[in-house]
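First comes the structure, then the notes that go with it.
The values are calculated or read from the model by the stated rules, or taken from the named source; none is laboratory data. Predicted model only: the values in this text are computed from it and were never measured. Cβ placement follows ideal geometry from the backbone for every residue including glycine, while neighbour counts extend to all protein chains displayed. Remember, those area values only see protein heavy atoms, side chains included, never the ligands or the DNA or RNA. Shrake-Rupley method; radii C 1.70, N 1.55, O 1.52, S 1.80 Å.
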Amino acid sequence: MNTLALTLDPSTCDLLIDGGCIALGRPQTTIATIVTTANRGELKELPLIGGEADRQLGSPRQELWLTRLRKQLVAVGLKVKSLAVDSSSNIIQMEVE
């Protein structure tokens, strides 16, 4: 079954507007964005979930952070195929199912 969900703009995390309408897309992308950018304790129902990307990007210990982020994405039900950070631009690249 193909489920659609509200889509977030990756640069601002606001709802994505396309042609004057709210864009729909894969829910996995929205969930991954929320988990990656949230701080721990920010999600009331899941207080230990939060990738804290704003704090972690640029850190010298990227591997540990990516491992924790992968575990958190799996904990919310996503299958993570790949996860990496481009250290020169601090862009998170992930592929989830």
For this session: Work out, step by step, the length gained on full extension between T29 and L6: first 0.36 nm times the residue separation, then minus their alpha carbon distance; give nm to one decimal.
Result: 7.3 nm
Problem set entry | Degrees between helix 62-75 axis and first principal axis of the chain (Cα, 0 to 90, nearest 10) | 50
Exercise. So what is the relative contact order of the chain, in percent, for Cα pairs below 8 Å that sit 6 or more residues apart?
Worked result: 18
For this session: At 7 Å along the Cα-to-beta-carbon direction for both I22 and L64, put a label point, then send me their distance in nm to one decimal.
Result: 3.9
For this session: Using label points projected 7 Å from each Cα along Cα→Cβ, tell me how many nm separate E42 and E95, to one decimal.
Result: 2.7
For this session: May I ask you to derive the relative contact order of the stretch 15-61, considering only C-alpha pairs under 8 Å and at least 6 residues apart, and to give it as an integer percent?
Result: 24
Problem set entry | Solvent-accessible area of R40 with every protein chain in place, 1.4 Å probe, in Å² to the nearest 10 | 130
